[in-house]
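Just so it is clear, none of the values below were taken in a lab; they were calculated from the coordinates. These figures come from a predicted structure and were not determined experimentally. Backbone-built Cβ (ideal geometry, glycine too); neighbour counts: all protein chains shown.
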Amino acid sequence: MGALDRCFDVKDFREAARRRLPRGVFEFMDRGAERELALAENIAAFERLKLKSRFMVDLSDRDMGTELFGKRIPVPLAIAPTGIAGLCWHQGELALARAAAAAGVPFTLASASITSMETIAREASGRRWFQFYIWQEEELAFQMVERARDLGFEVLFVTIDTALGRTREYNDRNGFTDPISLNARFIADMMLHPRWVAGVMGRYLLTTGMPRHENYPPQYQQRITRGSAVAPANSVRLSWDHVRRLRRIWPGPLVVKSILNADDARQAVDCGADGVVVSNHGGRALDSAPATIDVLPEVVAAVGDRTTVLLDSGVRHGSDIVKALALGAKAVLIGRATLYGIAAAGQAGAAKVLGLLATQFEKNMGYVGCRRVSELGPHVLFRRQN
Ligand SMILES: Cc1cc2nc3c(=O)[nH]c(=O)nc-3n(C[C@H](O)[C@H](O)[C@H](O)COP(=O)(O)O)c2cc1C
């Protein structure tokens, strides 16, 4: 029996990922910032929200698709940018991109990925989006964006919640660093996970060498290989001018990621963004951030009529997608759920997670009596009155 045969829900994929990955990698991928309040709240808020069933509806003619940035997708989801995918599986970004392409949904490559944007552009078909952060060395970050543009990436995401970095105490305890450094604790952790050493780290070492952030300029890649882990610092001088500047150099759809209130949403759209992602980085940034599903209505009320509102953080089930769309999101982004999938079984694992979410979504749409996503609205939601 393979790992996938035991996976019937995202929780099962998470458990398979936990068994397979070194603790440092698993915790980096799975956990939240600081006290992990936002991580828990994202999931709890989805669970608090209930759906009203409507039966005796003819469900024989259903279509779960929608249009996103001018193109149709069969189910309203896309894969979120996650810098760690290449440590969950050898060239995990490629596995995710291929699974997404097979499912007909977009894949977002994180600038912090291990697999380069050139490799993704060459070896993965389908819709490819690119995400980046604005660094203190702004020009270097903008050069990366121009590379992505020249390679034909379709949509650009700029993630704006990183000025002061993140506090992840569990990584201080377990010895895992990003970029990777081979300290004694991480080496001991790897020894306990020989399948990962052989299948992921070993494959890198035997082929391309120690994993590097391949999209970064050479000076940052070299520092990693020399053993002193140095990452480009994020800018502490962010302003909406950065979004205006991006608007001038990026010809395609531009999306601002990490919006949690109406004011920021309006600013983003006024600066030329074509979309916003209501996101608290999956509970990995501000620990006291509200759940994204709870602030979605405020953002939709502010900009929903003039921009594409996406949502992420906490989506673990197809019913969560129904809830997000009912409150006005056009689609959701999936972060950890597909990471669990690749950690368990590479492309096949991600494909199974995507299939699972699509099936759950379709079934829950049926339960609320909707045949098209356009039929969804707040009327399908039920909130307890206390
Ligand atoms: C391990 C990990 C790495 C991430 N790396 C990035 C990144 O490089 N850039 C970015 O914009 N968001 C990053 N994110 C955030 C995701 O894009 C997304 O907002 C989040 O995972 C959604 O929450 P979910 O994991 O609950 O689905 C990362 C998330 C995780 C879990």
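Where does each of 19-28, 168-177 land if you order them by average Cβ count within 10 Å, highest first?
Ranked from most to least packed, the peptides come out as 19-28, 168-177.
Lys and Arg at +1, Asp and Glu at -1: add these up for the other residues within a Cβ distance under 11 Å of GLN143 and post the number.
The answer is -3.
Run the reach check for LYS352 against lysines, Cα to Cα strictly under 17 Å, same-chain hits fewer than 8 apart removed. What comes back?
Correct list for LYS352: LYS11, LYS363.
State whether region 261-386 is rounded, prolate or oblate according to the following rule on the C-alpha gyration tensor (a ≥ b ≥ c being the square roots of its eigenvalues): a/c under 1.5 gives rounded; otherwise a/b larger than b/c gives prolate, and the remaining case gives oblate.
Oblate shape, in that a/c is at least 1.5 and b/c is the bigger or equal ratio.
Please compute the Kirkwood hydrodynamic radius over region 1-131, one decimal place, Å, based on all pairs of different Cα atoms.
Evaluated on region 1-131, it is 17.4 Å.
With θ set to phi - 60° and the Karplus curve 6.51 cos²θ - 1.76 cosθ + 1.60, what are the ³J(HN,Hα) couplings of region 66-80 in order, to the nearest whole Hz, using x for Gly and Pro?
8, 10, 10, 6, x, 10, 7, 10, x, 8, x, 8, 9, 8, 6
How would you rank ILE249, ILE259, ILE160, ILE134, going from fewest to most other Cβ atoms within 10 Å of each one's own Cβ?
If I rank by nearby Cβ atoms, fewest first, I get ILE249, ILE160, ILE134, ILE259.
Measure nothing fancy, just the Cα-based angle from helix 336-367's long axis to the longest principal axis of the chain, in degrees from 0 to 90, nearest 10.
Roughly 0 degrees between the two axes.
Hey, fewest Cβ within 10 Å first, where do GLU47, GLU214, GLU93 land in order?
Lowest count first: GLU47, GLU214, GLU93.
Using a Gaussian network model of the chain whose springs link C-alpha atoms within less than 10 Å, name the residue from ARG244, ARG147, ARG122 with the highest mean-square fluctuation.
ARG122
Pop out the ³J(HN,Hα) list for region 94-104 in order, Karplus 6.51 cos²θ - 1.76 cosθ + 1.60 with θ = phi - 60°, rounded to Hz; leave Gly and Pro as x.
These are the phi-based 3J(HN,Hα) values: 5, 4, 5, 4, 6, 5, 5, 4, 5, 7, x Hz.
Step by step: find N for the chain, compute 2.2 N^0.38 Å, then divide the Cα radius of gyration by it. What's the final number?
In units of the globular-protein estimate, the chain measures up at 0.95.
Per residue, what volume in Å³ does the Cα convex hull of region 139-195 take up?
In region 139-195, the Cα hull volume divided by residue count equals 161 Å³.
From the Cα trace of region 214-320, what convex hull volume per residue do you get, rounded to a whole Å³?
166 Å³
Mind listing the phi-derived Karplus ³J(HN,Hα) values for region 18-23, rounded to whole Hz, using 6.51, -1.76 and 1.60 with θ = phi - 60°, and x for any glycine or proline?
Karplus-based 3J(HN,Hα) across region 18-23 equals 4, 5, 7, 8, x, 4 Hz.
Ranked by Cβ crowding within 10 angstrom, fewest neighbours first, how are LEU68, LEU94 ordered?
LEU68, LEU94
Once the Cβ-Cβ distance between ALA102 and ALA231 is put in as r, and R0 is 56 Å, what FRET efficiency do you end up with, to the nearest 0.05?
So the FRET efficiency works out to roughly 0.95.
If each of ALA262 and LYS52 carries a label point 7 Å out from its Cα toward its Cβ, how far apart are those two points in nm?
2.4 nm
Within 15 Å, Cβ to Cβ, of ALA184, how many net charges do the neighbouring residues add up to if Lys/Arg are +1 and Asp/Glu are -1?
Spelling it out: positives minus negatives among the neighbours equals +1.
Based solely on its DSSP helices, what 222 nm [θ] is calculated for the chain when runs of n ≥ 4 H residues each add -39,500 (n - 2.57) and the sum is averaged over all residues, nearest 500 deg cm²/dmol?
Using -39500 (n - 2.57) per qualifying helix, the result is -13000 deg cm²/dmol.
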